[in-house]
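> Submitted below is the structure of interest, expressed as structure tokens.
The values are calculated or read from the model by the stated rules, or taken from the named source; none is laboratory data. Source: prediction; values computed, not measured. Cβ coordinates were reconstructed from backbone atoms using ideal geometry, including for glycine residues, and neighbour counts include every protein chain displayed. Only protein heavy atoms, including side chains, enter the accessible area calculation; ligands, DNA and RNA are left aside. Shrake-Rupley method; radii C 1.70, N 1.55, O 1.52, S 1.80 Å.
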Amino acid sequence: MICDSASLADGGKGVRFEIPTDSGLQPAFVVRHGGTVYGYLNRCAHIGIELDWQAGEFFDDSGLYLICATHGATYLPDSGTCIAGPCRGAQLAQVEVCEMEGGVYLK
Ligand code: FES
């Protein structure tokens, strides 16, 4: 399990975790948007560093967009598409997650 469902508020703080990949453990995160939980690798499409300057802070002030703390790349939370900033049009790498029985899990 990545976290309890209750720990993810809509547009609120995200939860960081790591997933095993061919190149070792990679940082990832989950957030809730419009009631649905979305997961992404914690790697900005701009220069590949983590998005959250303060751990778990992925949303901008509006709570509607994910934002990279470094140069302000702004992403749609439901698709991971960058809509503003230095890597406009690029994508966050999606991590398949699901929610059941009060928990959030890797698929
Ligand atoms: S590293 Fe994210 S916007 Fe530059």
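> Can you run phi through the Karplus equation (6.51, -1.76, 1.60; θ = phi - 60°) for the stretch 86-102 and list ³J(HN,Hα) in whole Hz, with x for Gly and Pro?
Using θ = phi - 60°, the values come out as x, 10, 3, x, 7, 10, 6, 7, 6, 10, 6, 10, 9, 10, 7, 6, x Hz.
> With +1 on each Lys and Arg Cβ and -1 on each Asp and Glu Cβ, how big is the dipole of the chain about its Cα centre, in debye rounded to the nearest 20?
220 debye
> Percent relative contact order of the chain, based on C-alpha pairs within less than 8 angstrom and at least six residues apart?
26 percent
> Obtain the nm distance between the two label points defined at ASP60 and LEU25 by a simple spin-label model: each point lies 7 Å from its Cα along the Cα-to-C-beta direction.
3.3 nm
> Please calculate how many Å² of accessible area the chain carries per residue, with a 1.4 Å probe and no DNA, RNA or ligand atoms counted.
Ligands and nucleic acids excluded, the result is 53 Å² per residue.
> With bins 5 Å wide starting at 0, give me the P(r) of the stretch 27-80 over every alpha carbon pair, in whole percents.
The distribution over the stretch 27-80 is 5, 23, 37, 26, 8, 1, given as percents.
> Probe radius 1.4 Å, ligands and nucleic acids ignored: give me the carbon and sulfur share of the accessible area of the stretch 1-45 as a rounded percent.
Answer for the stretch 1-45 is 49 percent, counting heavy atoms of protein chains only.
> Tell me the net charge near THR74. Cut-off is 10 Å between Cβ atoms, THR74 excluded, with +1 for each Lys or Arg and -1 for each Asp or Glu.
That sum, taken over residues with Cβ under 10 Å, equals 0.
> Given the convex hull over the Cα atoms of the chain, what projected area results after averaging over all orientations, in nm²?
Convex hull of Cα atoms, orientation-averaged projection: 6.2 nm².
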